[in-house]
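Below is one structure, written out as structure tokens, with a few remarks after it.
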Amino acid sequence: MSTNNKIKVLCVDDSALIRSVMTEIINSQSDMTVVGTAADPLVARELIKATNPDVLTLDVEMPRMDGLEFLEKLMRLRPMPVLMVSSLTERGSEIALTALELGAVDFVTKPKLGVRDGLLNYTELITSKIRAAASARLLPSRRATAAKAAPGVAVPAAESLLRSPLLSTEKLIIIGASTGGTEAIRDVLQPLPSDCPAVLIAQHMPPGFTRSFAQRLDGLCRITVKEAEHGERVLPGYAYIAPGGFHLSLGRSGANYVAHLDQEPPVNRHRPSIDVLFDSVARHAGKNAIGVILTGMGRDGAEGLLRMRQAGAYTLAQDEASCVVFGMPREAIALGAAHEVAPLSEMSRRVLAHLRSFGERANRV
């Protein structure tokens, strides 16, 4: 592949070792090349002008200018795909989630020990995320969108669908997402009423980040959002997020749904895997579930959504125009797994409308 056809990557990190290893990893791939490295955002700013990269890898904590400040300016003045490189700490996870809110496509964690060998072991992960970033659709950041909105405007809540209770211990909403999914999940959960059926979520995310993600969503939503715990009862008004490094599946204990966590091998290279969650829902909930597959690279969840549909569940896939990466929804649609294809802005409304229509049919019986 000629240099002109390769993904051009600019690596920004204050660590010379990280810059060196990232360069080694990226240049080992036939379809990408490092066009420059920078120790801080001020140097990076000039290199962006000089090299016109396709993807920027950006450290979150850097000298001379905070990584988040630089990202916010970059997405406002010269939007481009950004992959954050974050330390696996509580502060690092919060910064990474804020970066996604500001418009970064995704993030990858730095290993704590043996930095060079650790990063080299991450070759497949890092390069796959760079490929996803290079093909990502750049959507307006939440901060930019909020700045344009009138002060005091509430999150749309599908008000006409909230007039009668949705509370049900049988109904379930099941969501799978990957690249671009943290903000997409937020868009789906925020309009949901406090009495909606239980929500189970598999989002591709490493250990150490899902707790911060759940806490952030919990402060923004009417429903209670938490990391799933093994063996806990699945209740209406709650959203349960698969912890990083664990598969989440649905089980039964008598008449109750329960959450099951395990560390079986990755499926489709992921743990949590969306297919694992969707398959368990097809077995234990069938027609009582609504399945939603959101933005993400690859095909995890596509076959599981089909099995949910075959088991009687109602299924939806996010449309291409609103996806950061259309991979997973596209695969699900190609399999015939989705009853509906909907823009992200309509997803909550469609889910609630189906729940309402199901309740009305049940009341007529």
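The values are calculated or read from the model by the stated rules, or taken from the named source; none is laboratory data. Since we're looking at a predicted model, the values are computed, not measured. Please note: Cβ atoms are built from the backbone with ideal geometry, for glycine as well, and neighbour counts cover all protein chains shown.
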>> For the stretch 208-230, give me the residue count where each residue is out of contact with any Leu (no Cβ under 8 Å at 6 or more places or on another chain) and not aliphatic (A, V, I, L, M).
In response: 8
>> I'd like to check something: does the stretch 344-359 contain any residue that is part of a loop (DSSP other than H, G, I, E, B) and not hydrophobic (A, V, I, L, M, F, W, C)?
In response: no
> Taking into account only those residues within the stretch 99-120 that are loosely packed, with under 15 Cβ neighbours inside 10 Å, under 22 Å from T210 (Cα atoms) and not aliphatic (A, V, I, L, M), which is modelled with the lowest pLDDT?
Replying inline: K112
>> Name the single residue that is nearest to the chain's Cα centre (by Cα) among those in the stretch 121-145 being surrounded by fewer than 17 Cβ atoms within 10 Å (Cβ to Cβ) and at pLDDT below 70.
In response: R142
> With respect to G298, is the statement that it is over 28 Å from V258 (Cβ atoms), crowded, with 19+ Cβ neighbours inside 10 Å and of a type in the set (G, A, S) true?
Replying inline: yes
> Within the stretch 8-117, which strands (runs of 3 or more DSSP E) (wholly inside it) include 2 or more residues that are closer than 20 Å to H204 by Cβ and in contact (Cβ under 8 Å) with a residue 60 or more places away in the chain?
Replying inline: 55-59, 106-110
> Given the structure, is G208 at pLDDT 95 or above, part of a loop (DSSP other than H, G, I, E, B) and at positive phi?
Replying inline: no
>> I'm trying to understand the selection: among the residues of the stretch 16-56, which are out of contact with any Leu (no Cβ under 7 Å at 6 or more places or on another chain), within 20 Å of L74 (Cβ to Cβ) and among the hydroxyl-bearing types (S, T, Y)?
In response: T37
> Looking only at residues in the stretch 288-341 that are polar (S, T, N, Q) and either outside any loop (DSSP other than H, G, I, E, B) or modelled with pLDDT under 95 (or both), which one is nearest to L355 (Cα to Cα)?
Replying inline: N288
> Which pairs do you get when a residue that is in the same structural domain as M328 (by TED's automatic domain parsing) and under 17 Å from L250 (Cα atoms), found in the stretch 193-207, comes within reach of a residue that is part of a strand (DSSP E or B) and of a type in the set (F, W, Y), reach meaning Cβ atoms under 8 angstrom, with the pair 6+ apart or on two chains?
Replying inline: A198/Y238; A198/Y240; A198/Y257; V199/Y238; V199/Y240; L200/Y240; I201/Y240
> Do you know which residues across the stretch 253-305 are under 15 Å from T315 (Cα atoms) and among the aliphatic types (A, V, I, L, M)?
Replying inline: I274, L277, V281, A282, A285, A289, I290, V292, I293, L294, A302, L305
> Would you say V21 is under 21 Å from F107 (Cβ atoms), under 25 Å from the mean Cα position of the chain (by Cα) and among the aliphatic types (A, V, I, L, M)?
Replying inline: no
> Looking only at strands (runs of 3 or more DSSP E) that fall completely inside the stretch 236-287, which ones have 2 or more residues that are more than 20 Å from the chain's Cα centre (by Cα)?
Replying inline: 247-253, 256-262
> Residues G231, G291, G219: which one is touching a strand residue (DSSP E or B) at 6+ places or on another chain (Cβ under 9 Å) and touching a residue at least 60 places away in the same chain (Cβ under 8 Å)?
Replying inline: G291
